[in-house]
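I have placed the structure first, in the form of structure tokens, so that the comments after it can refer back to it.
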Amino acid sequence: MKFVLIGGAGYIGSYLADKLDRKGYEVTIIDNFTYNQSPFFNKTITVVNDDIENIKHHAADIASADYVFFMASPRLNEINDLPQPLPYLTGLEDTVECLGEKTQLIFFSSCSVYGYQPGEVSETSPTRVTSLYSKLKIDSENSLIYKGDDRLKIIRLSTLYGISNVSRNDLLINNFIKDITFSKYLEVYDPLSWRPNIYIEDLVNILIDLSEHNRFRPILNIGYNKLNITKQDLILTLVSKNKFDFTVKYYTPKDSRSYKVNFDALEKLLTIDGFTPYEHGIDRIREQL
């Protein structure tokens, strides 16, 4: 199979590209290296240094791929400082125009599109804008849904954690660990708010399994039911199971996001062929960072 990873030199993409390459698949990365990450990849991986505005220049690669993973996106903590309008939505539309007849586009969205909702949410739950980041994801999703094209798939990712080729200290668990490690002090807003979490290696393994068995769905939450957890329970786990020593201060203002996500659809897909749907838990974070 051939994979084109748009934004493929980032936190997820660089890990995914290496794993796909090791499995013998053809991999092309298109990325503008915004974060000054090393452009070095195995020589069997094709690396194109270019901006999303120029994606149509790479129409031949996109049209010949089995899967195009669209990961190009600013990070939540930086989007407010970027000039508007953002080019990513136009880039997504242009990418769709370049798809081959049998090419599937997998758009990397986020469970943050659920916003602040009581109870458990699923793929059919409404989305809610809580930030420019969630608005970009929701607008992108709606653009794909409106087209009614079976080739277009949306995956909503849990909050990632773990070490990759590209550092991400802005992610919830990674950020907690950074603060604990360097200052032994943690400030937590809305400790009862919910987040689903997933280890970077588990995400990559899931993506490859879904690709190999052609089991992506129009919209699919990516994560594990067991890793839905409140911030407060996460802190208690860091102390009791991982033996971190630190001081924590809780603040009562509500987080703009709180969502307990149902991942039944994914877990049913993964267990069809005996894929282990739950590998790394937060009770062993020390071993994963």
**OP:** Would you mind stating whether residue 260 is farther than 24 Å from residue 135 by Cα and charged (D, E, K, R)?
**Re:** no
Original post:
Out of 267, 187, which single residue is acidic (Asp, Glu) and under 23 Å from the mean Cα position of the chain (by Cα)?
Top reply: 267
**OP:** Working only within segment 266-285, note down all residues that are in a helix (DSSP H, G or I) and in contact with a Ser or Thr (Cβ under 9 Å, 6 or more places away or on another chain).
**Re:** 270, 282, 283, 285
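Out of all the residues in segment 238-264, which are within 20 Å of residue 120 (Cα to Cα) and either under 23 Å from the mean Cα position of the chain (by Cα) or of a type in the set (A, V, I, L, M) (or both)?
Within segment 238-264, 255, 256, 257, 258, 259, 260, 261, 262, 263, 264 qualify.
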Original post:
Would it be correct to say that residue 44 is more than 17 Å from residue 209 (Cβ to Cβ) and either in contact with a strand residue (DSSP E or B) (Cβ under 6 Å, 6 or more places away or on another chain) or among the aromatic types (Phe, Trp, Tyr) (or both)?
Top reply: no
Original post:
From the list 85, 118, which residue is out of contact with any Cys (no Cβ under 9 Å at 6 or more places or on another chain) and either modelled with pLDDT of 95 or more or in a loop (DSSP other than H, G, I, E, B) (or both)?
Top reply: 85
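For segment 26-47, which positions are in contact with a Phe, Trp or Tyr (Cβ under 8 Å, 6 or more places away or on another chain) and either of a type in the set (A, V, I, L, M) or surrounded by fewer than 19 Cβ atoms within 10 Å (Cβ to Cβ) (or both)? Full working, then the answer.
First, pick out the residues of segment 26-47 that are in contact with a Phe, Trp or Tyr (Cβ under 8 Å, 6 or more places away or on another chain): 26-29, 39, 47.
Residues satisfying the conditions are 26, 27, 29, 39, 47.
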Original post:
Scanning segment 161-176 for residues that are over 20 Å from residue 187 (Cα atoms) and out of contact with any Asp or Glu (no Cβ under 8 Å at 6 or more places or on another chain), which turns out surrounded by the most Cβ atoms within 10 Å (Cβ to Cβ)?
Top reply: 164
Original post:
Mind checking whether some residue in segment 69-87 is farther than 22 Å from residue 203 by Cβ and surrounded by 15 or more Cβ atoms within 10 Å (Cβ to Cβ)?
Top reply: yes
Original post:
Does residue 176 fit the bill of being under 24 Å from residue 78 (Cα atoms), under 19 Å from the mean Cα position of the chain (by Cα) and assigned to a helix (DSSP H, G or I)?
Top reply: yes
Original post:
Residues of segment 1-37 being within 22 Å of residue 169 (Cα to Cα), hydroxyl-bearing (Ser, Thr, Tyr) and free of Cβ contacts under 8 Å to residues at least 40 places away in the same chain, which ones?
Top reply: 34
Original post:
Going through segment 240-252 one residue at a time, which ones are over 17 Å from residue 193 (Cβ atoms) and at pLDDT 85 or above?
Top reply: 245, 246, 247
Original post:
If you check residue 81 against the conditions, is it among the acidic types (Asp, Glu) and in contact (Cβ under 8 Å) with a residue 12 or more places away in the chain?
Top reply: no
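Kindly indicate the residue of segment 253-289 that is of a type in the set (Ser, Thr, Tyr) and modelled with pLDDT of 85 or more and also nearest to residue 156 (Cα to Cα) among those meeting that condition. Explain how you work it out, then say what you get.
From segment 253-289, those of a type in the set (Ser, Thr, Tyr) are 256, 258-259, 271, 276, 278; that's our starting set.
From what's left, modelled with pLDDT of 85 or more: 256, 258-259, 271.
Numbers: 256: 18, 258: 15, 259: 12, 271: 19 Å.
Result: 259.
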**OP:** Looking only at segment 103-111, decide whether some residue is in contact with a Lys or Arg (Cβ under 8 Å, 6 or more places away or on another chain), surrounded by 15 or more Cβ atoms within 10 Å (Cβ to Cβ) and small (Gly, Ala, Ser).
**Re:** yes
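The values are calculated or read from the model by the stated rules, or taken from the named source; none is laboratory data. The model shown is predicted, which means the values in this text are computed figures rather than measured ones. Neighbour counts run over all protein chains shown; Cβ positions are idealised from the backbone, glycine included.
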